[in-house]
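To keep things clear, I will list the structure first and then write my remarks on it.
The values are calculated or read from the model by the stated rules, or taken from the named source; none is laboratory data. As the structure is a computational prediction, the values presented were derived from the model and not from experiment. Cβ: placed from backbone, ideal geometry, glycine included. Neighbour counts: every protein chain shown.
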Amino acid sequence: MTFLGLVVLLLLTFASPNSSCTEKEQRFLLDFLAQLSHGGNSGLNMSWVHGTDCCAWEGVTCRGDNTVMGISLTSKGLTGRISPSLGNLSGLMNLNLSHNSLHGSLPMELVLHSTIVVLDVTFNQLEGSLQDLQSLNPGPPLQVLNISSNFFTGQFPSKTWGAMKNLVAVNASNNRFTGQIPASICVSPSFTELDLSRNQFSSNIPQGLDDCSMLRVLKAGHNNLSGILPHELFRATSLEQLSFPNNGLHGVLDGSQVVKLSNLTVLDLGSNGLSGEVPDSIGQLRRLEELHLGNNNMSGELPPTLGNCTNLRYISLRNNSFTGYLSKVNFTLLDLSIADFSMNYFTGTIPESINNLIALRLAYNNFHGQFSSKIGNLRSLSFLSLTNNSSTNIEDVIDLRRCKNLTTLLMGSNFKGEIMPQVKSIDGFQNLEIPLWLSKLTKLKILDLSSNQLTGSIPSWISRLHFLFFPDISSNRLLRDIPTALMKMTMLQAEMNAEQLDPELLELPIYWTPSRQYRLLGAFPAALHLGNNKFTGTTPPRLVK
């Protein structure tokens, strides 16, 4: 169950009819209101009025005995500080202040409260360190702690952590915690989820994982962790998601250990320093849905046993040193929808045995030869990148017309020495001018023809591509005037930009340069690139501005 699922379950458990709250509880709530900045809580000022029934106030839930048991004020535009007075609500079980702009510290009175079970302050601007207390007896009943996406600093409080005997799920991701991850990760026998990703944790992965018999989700990506994957990690056999991307881990992926995690659905070790091969035992992870091993130092050929992972939907092996033929893996057995094999040394012909693909990246490999006509059978294909291989016979690309869902096609640095095909459905061109058939791509948004040897002039029909907002035809040999029709392009009309740049998610990011990647089409800057050509005549005045 996810964090959200736990919160929803507990909220449903808490639900009860409203009743009239006590004067004392009303005062504690008004103390909280007083700590908020009035610019961000006008809604509460209208609802939280002294002398009225606080059980009817916005976001407040009460029991039948007049005690407040739940406060949910998510996404209310609240600013200011969290008052410790909320800790005086003796029956409070659920406190959700997420998605606001609260600042200052998180009162420990809430973390250590005698009745709070769910505490959620995600997506605020809280800061400072979490206090580390020497002893807590008995431990607080807190089960779900979600402090993600704030500005907390310092070390994670190991002593306080060790006293949290009832914890089930903790999300402290996207903060600024430093130091080591606490050695005793699983403080509770029912502990199931821990997310410490996007912090500044360092040192090795702790070895105290033997007691994590119920741990299902362990995430600590985007930190400064180093060392190898400890053997204790693979004794947490209930793990379903193991995620340590973007760290400094090294060593090999030990097949005799990996096979113990038979419940894994997500294995994400991308962007580390792992070496060696993908172990044959990977095929025994029959529940695996996502495999992220990109941006490592791995090598060798892919094991044919990978084809046994029949539930695999996503695989990224980009930027390693893998070799051999992809055809050794029977991809027809997999439920694969997104695959990134780019920046390796795979060879042979373009694979055709991947049935349900939505996105496929094969760029920067050693693939050669002609496309198989079967590639047109990938009817779900939306994103295809074949850049920098040695493909031949550009006419085979015409078969991609059968891929009705194809929106992104990258195939630069192929088809060396060939000319555009002269067919009726694609009006060919001679001498590598900008082809007329591009004018038929009426939904084209990004066009990059830079750094070729295009000649002739910019065609006036380019202004009729109303969705085009990123044309790059720089570094060619284009001649004559810049057509004034270019000024009619929608992307140059400021009032239209918002409409044309609606966010659209790509199944895989486009890597424009090693340091620039775009996951959204709308993330590309609205720009017209014409430089480094051989234009003559005058430049349209608006371009000069």
Scanning the stretch 139-177 for residues that are closer than 21 Å to Leu97 by Cα and among the small types (Gly, Ala, Ser), the one surrounded by the fewest Cβ atoms within 10 Å (Cβ to Cβ) turns out to be Ser149
Handout entry: Selection status of Met69, surrounded by fewer than 18 Cβ atoms within 10 Å (Cβ to Cβ), farther than 21 Å from Asn175 by Cβ and of a type in the set (A, V, I, L, M, F, W, C)
Key = no
Note on the stretch 161-184: residues in a strand (DSSP E or B) and among the basic types (Lys, Arg) are Arg176
Checked Gly283, Gly307, Gly369 against criteria (of a type outside the set (Ser, Thr, Tyr) and in a strand (DSSP E or B)); the one match is Gly369
Checking Leu384, Leu357, Leu312 in turn, the sole residue that is closer than 13 Å to Glu507 by Cβ and in a loop (DSSP other than H, G, I, E, B) turns out to be Leu357
Across the stretch 79-92, the tally of residues that are within 34 Å of the chain's Cα centre (by Cα) and surrounded by fewer than 22 Cβ atoms within 10 Å (Cβ to Cβ) stands at 4
Within the stretch 365-386, residues surrounded by fewer than 21 Cβ atoms within 10 Å (Cβ to Cβ) and modelled with pLDDT of 85 or more come out as Asn366
Conditions (1) closer than 23 Å to Ser382 by Cβ; (2) modelled with pLDDT of 95 or more -> Ile338 fails only (2)
Condition set more than 19 Å from Asn388 (Cβ to Cβ) and of a type in the set (A, V, I, L, M, F, W, C), scope the stretch 405-431, selection modelled with the highest pLDDT: answer is Leu406
Report task. Please indicate, with yes or no, whether at least one residue in the stretch 118-134 is of a type in the set (Ser, Thr, Tyr) and over 19 Å from Ala236 (Cβ atoms). Result -> yes
Scanning the stretch 121-138 residue by residue, those buried (at least 20 other Cβ atoms within 10 Å of the Cβ) and either touching a Gly at 6+ places or on another chain (Cβ under 8 Å) or of a type in the set (S, T, N, Q) (or both) turn out to be Thr122, Asn124, Leu126, Leu130
Could we say that Leu479 is at pLDDT 75 or above and farther than 20 Å from Leu384 by Cβ here? no
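Conditions (1) more than 18 Å from Glu58 (Cα to Cα); (2) free of Cβ contacts under 8 Å to residues at least 40 places away in the same chain; (3) not small (Gly, Ala, Ser), marked per residue:
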| position | (1), (2), (3) |
| --- | --- |
| Ile82 | no, no, yes |
| Leu92 | no, yes, yes |
| Leu95 | no, yes, yes |
| Ser98 | no, no, no |
| Ile116 | yes, yes, yes |
All conditions in (1) touching a Pro at 6+ places or on another chain (Cβ under 8 Å); (2) assigned to a strand (DSSP E or B) are true of Leu249 except (1)
- Task: Say whether the condition of being buried (at least 21 other Cβ atoms within 10 Å of the Cβ), part of a loop (DSSP other than H, G, I, E, B) and polar (S, T, N, Q) is met by at least one residue in the stretch 99-108.
- Result: yes
Residue count, the stretch 151-181, condition under 19 Å from Leu110 (Cβ atoms) and among the charged types (D, E, K, R), comes to 2
